[in-house]
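Since every read-out is calculated from the coordinates, none of them should be taken as a lab result. Please read these numbers as outputs of a predicted model, since none were measured by experiment. Ideal geometry is used to build each Cβ from the backbone, glycine not excepted, and the neighbour counts take in all protein chains shown.
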Amino acid sequence: MLQISLWKRVLILAVILAGIVFAAPNAFYNRVEGHNDALTAQTKNGTLTPEEQQAKSAWPDWLPSDLVNLGLDLRGGAQLLAQVNVADVYKSRVDSLWPEFRKALAADRATLGAIRRVQADPGVLRIRIGNGDQMQKAMEVAQTLNTPVTSLTGVGQKTYAITTEGDQLVIQLSDAEKASTDDRTVQQSLEIVRRRIDAAGTREPSIVREGSDRILIQVPGLKSAQELKELIGTTAKLTFNSVISTTSNSNEAVGAGEEILPSSDQKGLYYVLDTSPVVTGEDLTDARPDTDQNGYPAVGFRFNVSAARTFGDYTQANIGKPFAIVLDKKVISAPVIQSHIAGGSGIITGRFTVKEATDLALLLRAGALPASMTFLEERTIGPELGADSIKAGKLAAAVGAVLVVVFMIASYGMFGVFASFALGINIALIFAIMSVIGGTLTLPGIAGIVLTMGTAVDANVLVFERIREELKIAKKPARAIELGYERAMSAIIDANVTTFLTALILFVLGAGPVRGFAVTFLIGIVTSVFTAIWVTRLFIVFWFARKRPKEIIL
Amino acid sequence: MAFRLKLVPEKTTFDFFKHQKLTFGFSVVMVLASLVLVLTMGLNLGIDFRGGTTIRTESDLPINVGEFRQAVTPLDLGDVTITEVYDPNFRADQHVATVRIQAQDGQEAISPETQTKVLAALQTVNKDVKITSTESIGPKVSGELVWTAVWSVLAAVAAILVYVWLRFEWQFSIGAVAALIHDVTVTVGIFSLFQLKFDLSIIAALLTILGYSINDTVVVFDRLRENLVKYKKMPLREVMNVSVNETLSRTVMTSGTTLLALISLLVLGGDVIRNFVFAMTWGVIVGTYSSVFVAKNIVLFIGLNRNKEKKDPSEKFFDKTDVATD
């Protein structure tokens, strides 16, 4: 007869209870958030201010304190979708190869003749060999520098693609090397962006990789995407290059491996530089605000061991010559090397204000972005608009819930009451699951919940209608209820699997707020099937066992 | 006897095929009209699909759209659309307008200078105006989003086609998919007719409609499958009528609760998601109509081979089958 085995009853009740307990923190959002912030502060600082102490005690420690994250459209904040221009790295990688190849080829100068670098596209190194008939030998020498790729996917492939064209060696990164370089570049950019945003101390930023070469950055609480861009510091690339000459003509023709960059503080002054940097900002181990010998703000820096040696060797060999400190394609200063700088530390002077020096030190310390970024998409949502949206969503959800409940009770009486309780539990379960998995609630997500309220009762409706039909053909109440559940099952499963499929596609292909909608909708489908099949059934069984009605009106 | 709200009488014997030429013809005309509308008037594509920038502005002072337009014209930003937004939730002194700017040449996302210039220009005509949100999408991403949108709708339809085919008969899956195409086309058509903003969220709504409509259709099909076994000698047309009549009360109840929830969202949920909710509301109405008047007509039109030894797929899926217990 109408029975649910004990272990099932216990399990259902346990799920309901867990749902309510884990959803509960969301009902006291601000209080729990304050509590969580205080806990973070405690682990960070070790102690708590009286206000933090108060915030902490506002929510008991033993209760769950996971909250649903609010999306940017509800909380306000800025979002950027950045594309990392991975090809930038090929250029600097290839530029740095020149000295190495020159050295190797020069060792065989006797057979190869003069070796010169010639103009080439970015990311390509072309070397002209004096004796054009010795290309095979040149190739042999070049191949000795060609090491196998060290990535998992590129096993057996070489790092460089070396070909010959007439009397030139053409050297590029191989496809396997490009792929592994791309991956590293994006990963590195992501880490640097994360560090810079963390350094600014904003709460709950989300920095995730999207696809192969994109980074999605979301920072709640920022007023504009511009602020976020400044925080990331789109271009902060520091290099130390040798100066070939200075000029006042920005379009002066330069040789291969040379470039013209402007001075950052003197208008009309340009430097012709060797494009291969001596050392780069990536080799810095430390940077801090400092003062120069005249007491002006400056930035002190220290290189790592290998860069310190390179820099030491370079300064020793070039005493009396100028070298340029280049930041973001501008020469911030070009001091003359006074002496051999051993130990790898020094200061950068460049007419900074104290703030500029501090900022530059921070940027250098956080590391330079390995490649430039293009912003494909940006969004800013003001906190007021987010608050308005939450208010509107809450109101609509409350009114929708009341309407659905009234309609259900008017249509099915006592059974409608059961379905309405199940609906409440359903919503608690959605919030509980969202909180535990760290899901993000967006405005369309709220719409998804409201829509779920409408559709969640569907499974109940199917069952109740079926029970009605069974009652009509003169079945006893208990039998009718049992058959109602049994026979409505295949329709419930089919209907929900198809809906689930479309929601899943929405989740996989959707982005941003739309995905937020898909998440609540997906969870809503699962929980509504659970509540409709098990929770209302449990209620009905309890009710039936107590009342033992001879007939039921539905 | 306790009071029960019954939108559908206890037992109905409507002949849903009586006016089938009219109802099915009406659907065909609606689909064709939608296609013509989309082809001639096009869609008012949002920046998700064509790139550009939307700036939402708010002011305590009344907003004059004409003045706004004049203020931004000298900035030479190309195609600029300014719309005032109304919502019952707004305070009496809350005036909202959106400014939509086309994608600028050579830029992916909008430059902050442009944004500052627009704000400054608007402030000359409405000193209280401030920006509450901006959204800027470059041509690269918008191009990809168009494909994502098309793919997701196609993938959803294909998934449903296969599922319904596996669980029922192939005729059912053709019928179901025809109903889905009907729903999607008619919904896109109304967006073209009223030139409502069509963006990524509308695609989400379309997929939701697909899910809802197939839900409805499958419930009717499920009953049809059951009745085909029960009434072996009854003509297909009548079995269909019986099935739709038997599930009519459920169809009305579920559409009713869903519409109640959606309408409260439509009215009170704020203007940010109004188009999204409108698409879903409209889709639920169309979807309900199509599962009663489109899906099964197609199945009837193709015809079913009923002599074949009928396999009931539910036996494979569930231990307890409902059909034979009577």
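Quick notes on this structure:
- Lysines whose Cα lies under 26 Å from that of A:Lys229, excluding same-chain neighbours fewer than 8 positions away: A:Lys91, A:Lys237, A:Lys329, A:Lys330, A:Lys355, B:Lys117, B:Lys130, B:Lys140
- Cα principal axis extents for chain B, largest first, Å: 79, 51, 40
- In order along the range B:85-97, the Karplus-derived 3J(HN,Hα) couplings, from 6.51 cos²θ - 1.76 cosθ + 1.60 at θ = phi - 60°, round to 10, 10, 7, x, 6, 5, 5, 4, 9, 9, 10, 10, 9 Hz, and Gly and Pro are given as x.
- Chain B, dipole about Cα centre (Lys/Arg Cβ +1, Asp/Glu Cβ -1), debye to the nearest 20: 1480
- Dipole magnitude for the protein assembly as shown: about 3100 debye, using +1 per Lys or Arg Cβ and -1 per Asp or Glu Cβ, origin at the Cα centre.
- Distance from the Cα centroid of the range B:145-204 to that of the range A:111-152 is 57 Å (rounded to whole angstrom).
- Mean separation of Cα contacts under 8 Å (6+ apart) over length of chain B, as relative contact order %: 24
- Which of A:Val305, A:Val68 has the fewest Cβ neighbours within 10 Å, and the rest in rising order: A:Val305, A:Val68
- Relative contact order for the range A:240-350, counting Cα pairs under 8 Å that sit 6 or more residues apart, in percent: 28
- Oblate is the label for the range A:250-361. Its Cα gyration tensor axes, ordered a ≥ b ≥ c, give a/c of at least 1.5 and b/c at or above a/b.
- Euclidean distance between Cα centres, the range B:207-262 to the range B:38-72, Å: 42
- Ranked for footprinting exposure by Cβ neighbours inside 10 Å, fewest first, B:Tyr231, A:Tyr160 give B:Tyr231, A:Tyr160.
- Residues A:Ala478 and B:Gln102, FRET efficiency given R0 of 60 Å [Cβ-Cβ distance, rounded to 0.05]: 0.35
- Amide H partners (placed H, <5 Å) of B:Val85, local residues excluded: B:Val96, B:Ala97, B:Thr98
- Considering only A:Ala176, A:Gln143, A:Gly130, and ranking their Cα positions along the charge dipole of the range A:82-194 that arises from unit charges at the beta-carbon of Lys, Arg, Asp and Glu, the one farthest toward the positive end is A:Gly130.
- The range B:92-156: trypsin sites (Lys or Arg not before Pro) in DSSP coil with no more than 15 other Cβ atoms inside 10 Å: B:Lys127
- Among residues other than A:Gly166 with Cβ under 12 Å from its Cβ, the summed charge is -1 (Lys and Arg +1, Asp and Glu -1).
- Computed from the C-beta positions of A:Arg195 and A:Phe28, the FRET efficiency with R₀ = 30 Å rounds to 0.35.
- Prolate/oblate/rounded label for the range A:87-177 (Cα gyration tensor, a/c 1.5): prolate
- Among the GluC sites (Glu not before Pro) found in the range A:240-294, those both in a DSSP coil and sparsely packed, with 16 or fewer other Cβ atoms within 10 Å of their Cβ, are A:Glu252.
- Bridging of B:Lys6 to aspartates and glutamates at a Cα separation below 12 Å is possible for A:Glu465, once same-chain residues fewer than 8 apart are set aside.
- Alpha carbon centroid spacing (whole Å) that separates the range A:488-554 from the range A:328-344: 69
- Estimated dipole of the range A:240-350 in Debye, rounded to 20 [Cβ of Lys and Arg +1, of Asp and Glu -1, Cα centre]: 140
- Nitroxide proxy distance, nm - points 7 Å out along Cα→Cβ at B:Asp128 and A:Lys91: 5.0
- Rounded to whole numbers, the Karplus 3J(HN,Hα) couplings from phi for the range A:29-43 are 3, 5, 4, 5, 5, x, 4, 5, 4, 4, 5, 4, 4, 5, 5 Hz, using 6.51 cos²θ - 1.76 cosθ + 1.60 with θ = phi - 60°, and x at Gly and Pro.
- In order along the range A:452-457, the phi-based Karplus estimate (6.51 cos²θ - 1.76 cosθ + 1.60, θ = phi - 60°) of 3J(HN,Hα) comes to 4, 4, x, 8, 4, 6 Hz; Gly and Pro are listed as x.
- Cβ-Cβ FRET estimate between A:Asp121 and A:Thr47, R0 fixed at 56 Å, reported to 0.05: 0.45
- For the protein assembly as shown: rounded, prolate or oblate by the Cα gyration tensor [a/c cutoff 1.5]: prolate
- When chain A is described by a simple charge dipole with +1 on each Lys and Arg Cβ and -1 on each Asp and Glu Cβ, the residue from A:Ser212, A:Trp534, A:Tyr90 located farthest towards its positive end is A:Trp534.
- Amide H to amide H, with H built 1.01 Å from N, B:Leu45 comes under 5 Å of B:Phe198, counting only residues 5 or more places away or on other chains.
- Between B:Arg306 and A:Ser212, the simple spin-label model (points 7 angstrom out along Cα→Cβ) gives 5.6 nm.
- Interchain or long-range residues, amide H under 5 Å from A:Ala298's placed H: A:Asp290, A:Thr291, A:Asp292
- In terms of surrounding Cβ atoms within a 10 Å radius of their Cβ, B:Thr81, B:Thr148, B:Thr13 rank from fewest to most as B:Thr13, B:Thr81, B:Thr148.
- Taking a straight Cα-Cα cut-off under 19 Å and skipping sequence neighbours fewer than 8 places away in the same chain, the aspartates and glutamates within cross-link reach of B:Lys18 are B:Glu238, B:Glu246.
- Applying both filters, DSSP loop and at most 16 other Cβ atoms within 10 Å, to the chymotrypsin sites (Phe, Trp or Tyr not before Pro) of the range B:1-81 gives B:Phe3, B:Phe14.
- Once C-alpha pairs closer than 8 Å and six or more residues apart are averaged by separation and normalised to the residue number of the range A:427-505, the relative contact order reads 23 percent.
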